[in-house]
1. What is the sum of charges, Lys and Arg at +1 and Asp and Glu at -1, for the other residues whose Cβ falls under 9 Å from the Cβ of Thr424?
2. Please report, in cubic angstrom per residue, the volume enclosed by the convex hull of the alpha-carbon atoms of segment 148-300.
3. Given the rule -39500 (n - 2.57) for each run of at least 4 DSSP H residues, summed and divided by the residues of the chain, what is its mean residue ellipticity at 222 nm, to the nearest 500 deg cm²/dmol?
4. Could I get the Rg over Rh figure for segment 116-209? Both from C-alpha atoms, Rh via Kirkwood, rounded to two places.
5. Taking Rh as the Kirkwood radius, which is the inverse of the mean 1/r over Cα pairs, what is the Rg/Rh value for segment 17-120?
6. How large is ³J(HN,Hα), in whole Hz, for each residue of segment 165-180 in order, when computed from phi with the Karplus curve 6.51 cos²θ - 1.76 cosθ + 1.60 and θ = phi - 60°, using x for Gly and Pro?
7. Can you tell me the 0 to 90 degree angle between the C-alpha axis of helix 249-259 and the longest principal axis of the chain, rounded to 10?
8. Give me the percent of accessible area attributable to carbon and sulfur for segment 173-320, probe 1.4 angstrom.
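The values are calculated or read from the model by the stated rules, or taken from the named source; none is laboratory data. No experiment lies behind these values; they were computed from the predicted model shown. Cβ: placed from backbone, ideal geometry, glycine included. Neighbour counts: every protein chain shown. Just so you know, the surface numbers come from the protein's heavy atoms only, side chains and all, with ligands and any DNA or RNA stripped out. Shrake-Rupley method; radii C 1.70, N 1.55, O 1.52, S 1.80 Å.
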Amino acid sequence: MSKNTDTDTDTEVVIVGAGPTGLVLAIDLARRGVRALLVEQADGLFPGSRGKGLQPRSLEVLDDLGVLPAVLVAGAPYPLMRGWEGAEPQGEWDMMARSEPTEQVPYANVLLVPQFRTQELLYERLRELGGAVRFGTALTGFRQTADAVEAELSTGETVRAAYLVACDGGRSTVRRALGIGMTGETVDPRPMLVADVRLAPGTVVDRGNWHLWATAPGGGVALCPLPGGELFQLVAGFEDESAIVDTSPEGVRSLLAARTPLAPEDVAEVRWSSDFRARAAMADRFRDGRVFLAGDAAHVHSPAGGQGLNTSVQDAYNLGWKLGRVLRHGAPAALLDSYETERQPVAADVLGLSTRLHRASTTGRGTQRGSEVQQLDLGYRDSPWSVETRPGLPEDALRAGDRAPDGPYGAGRLFDLFRGPHLTLLAVGVPLPPLLGSPSLRPAHLPAYEAYGTGLFLIRPDGYVGWAGPDAEGLDAHLANLGEAPVGAQV
């Protein structure tokens with residue numbers, strides 16, 4: 001796009017910020033044929049490992065988006081923790097509860113992948129789909145009209161689009177421009193340092209463990225080996241609330257030398273570093289007219305439990321298919337209201353979890369992280385867009401609003417069937433109604449599958465059950481709300 005002050009009429013969605021949230025949204029829109037402009041004020045992708053854990057539900061999202069094979073190659077299981085007292089290694093323990101994959105949950109454990117590598121792989125996937133990132137381009141202003149958003153860029157251009165999505169982080173300029181407040185608390189007033197470091201060969205710190213000096217003078221230190229290279233993620237706490245954190249390479253080396261057996265010269269490289277104070281806060285609204293907030297722009301977390309990046313990815317995944325249905329299939333704009341309705345309660349729950357885990361971690365080993373961090377049980381049963389019409393269901397039955405489980409289907413899996421931007425109508429133990437000619441609604445039939453029970457299940461593009469019934473009665477009305485032709489109708 002050339003530099004000019006003319007209004008661009010080709011863009012349908014402007015995405016501000018090329019972190020994991022913005023990249024996932026851009027990928028999802030690209031595969032739906034929605035024209036999106038992704039702008040990033042930095043000259044390149046984020047270079048650090050601030051987030052390093054991909055939860056099982058996020059792995060399912062990446063499976064659907066076509067990124068998972070590369071992510072699995074780039075990642076590794078979390079290593080066992082190794083405690084230290086000064087220069088003396090202590091016992092090992094597992095911070096993560098481990099599970100075996102099942103038919104319903106093929107990705108059962110959190111995967112260790114540094115954030116910079118996750119973003120590189122998302123960017124590669126976006127480019128495969130014909131998308132791009134406009135690096136070195138900031139949003140300098142915007143205004144809304146009844147039928148569009150006009151975004152002003154640092155290049156001097158004005159871009160007109162149907163919608164704008166702010167994925168520009170916890171200090172979101174878009175959120176501030178809208179005057180949307182953040183409600184929350186300081187989880188811990190003491191500062192923390194996070195950095196990516198490369199250690200010289202032969203140090204006492206091996207790459208087989210996640211090393212912890214919980215009682216180090218001045219504050220605890222953890223060194224976690226990052227897969228795919230020689231880097232460790234360093235996280236260091238400070239006991240003094242007024243401590244000034246030196247994020248320079250010399251400061252990082254001095255801190256490690258003061259608190260661990262490492263000497264300054266053992267730190268061969270400080271690749272990236274930053275400081276922060278743990279907060280938990282959520283935007284009062286996730287939408288203002290044609291502008292949406294997603295990821296850290298909508299909610300900020302303590303890093304404990306690895307929930308921030310994962311919740312952000314699912315924000316984008318929830319919003320992407322709804323924008324696609326409105327812009328490409330004629331679904332009513334009211335569908336977009338469900339983004340805030342569905343994601344705000346999830347963000348509130350996850351913020352509470354992150355805060356509890358952070359405070360537990362300050363007591364030493366902390367709490368082992370189990371199924372509560374995997375985000376597989378999060379759902380949208382209370383959403384007005386989740387419609388359950390089957391009577392007399394047992395307490396533990398799959399219902400509308402729940403995550404649709406994986407399982408065997410033909411020579412493959414249900415996730416193979418669900419993968420893509422379409423809706424899926426799955427009949428389990430009941431006949432399929434006639435479906436004629438709609439490429440965005442894929443039919444499937446299973447004689448029986450205990451994980452689903454019996455009935456018709458409309459699987460949303462984000463892998464949740466949107467509608468369920470004993471037969472097709474009421475299905476047409478729900479499909480119409482998604483811009484989909486009635487079952488059996490010519491299209």
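1. Working: positive: Arg442, Arg460; negative: none.
After counting each charged neighbour, the total is +2.
2. Values: hull volume 24.1 nm³, N = 153.
Taking only Cα atoms, segment 148-300 has a hull volume of 157 Å³ per residue.
3. -7500 deg cm²/dmol
4. 1.12
5. Numbers: Rg = 17.1 Å, Rh = 15.9 Å.
Rg divided by Rh gives 1.08.
6. 10, 8, 10, 9, x, x, 9, 2, 6, 5, 4, 5, 5, 7, x, 8
7. Value to nearest ten degrees: 70.
8. 50
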